[in-house]
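First the structure, in the form of structure tokens, and then the observations on it.
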Amino acid sequence: MKRITDITAAQAKELQLRELFLRGLDGDSAAYRRFLAELGPHLRGFLRRRLHDNASDVEDLVQEILLAVHNAKHTYRAEEPLTAWIHAIARYKLTDYFRARSRHEALNDPLDDAADLLAAPDLEPEQARRDVGKLLEQLPERQRLPIVHVKLEGRSVTETAQLTGLSESAVKIGVHRGLKALAAKIRGSR
């Protein structure tokens, strides 16, 4: 019974991705961006099972596969399943990865189940963003804004001071005290 539900979920995801992809091919850039955003977590899940949580390599390969999908989008035939086409691209990129690292023993991993590509998305980055957001909400604005602008968005202290109306010194102090407060919250102390 569970297998039927899984197949239905995979088929629904196939249809959703295919619709977004085809709309993107027809010029709908918002649909195409959403297609890439929705495909990313599935590729991460697919690759993590094969690379045993080597996070930096997984992320590099996800970006390579998304770029390859984008560059080869003109080769997709609408009568074919989209995930099978993406799976072929992912398989070739993964094979190139293993070849480049002389890890031939890992090439014996079965890579032929295209449904596996949509089996379990990797939601860890979204969950981490949500958790960090919840922690940041607990901080006063004088600490939260400097952390968001300097540490998360990569802005300079000067830019952050201009954006927030705080002095550069207050921005630095806000980042320092805010990070200290976040560390205490994570440890469970006050």
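Each reported figure results from applying straightforward, stated rules to the coordinates on display, with no laboratory input. Please read all numbers here as calculations on a predicted model, not as lab measurements. Note: ideal-geometry Cβ built from the backbone for every residue, glycine included; neighbour counts use all protein chains shown.
May I ask you to list the lysines whose Cα is less than 17 Å away from that of K134, ignoring any residue fewer than eight positions away on the same chain?
The qualifying lysines are K151, K180, K185.
Using the number of other C-beta atoms within 10 angstrom as an exposure proxy, rank F21, F46 with the fewest first.
Least to most surrounded, the residues fall as F21, F46.
At 7 Å along the Cα-to-beta-carbon direction for both V132 and R49, put a label point, then send me their distance in nm to one decimal.
It is 2.8 nm.
Contour minus end-to-end for R187 and L67, with contour as 0.36 nm per residue of separation and end-to-end as the Cα-Cα distance?
39.3 nm
Based on the Kirkwood radius over alpha-carbon pairs, what value in µm²/s does the Stokes-Einstein equation return for the translational diffusion coefficient of the range 6-65 at 10 °C and 1.306 mPa s?
Translational diffusion coefficient: 128 µm²/s.
I need H74, H149, H176 ordered by Cβ neighbour count within 10 Å, fewest first.
H74, H176, H149
How much length is gained if the chain between R177 and A37 is pulled fully straight, taking 0.36 nm per residue apart and subtracting their Cα-Cα distance, in nm to one decimal?
Taking R177 through A37 to full extension adds about 47.0 nm, to one decimal.
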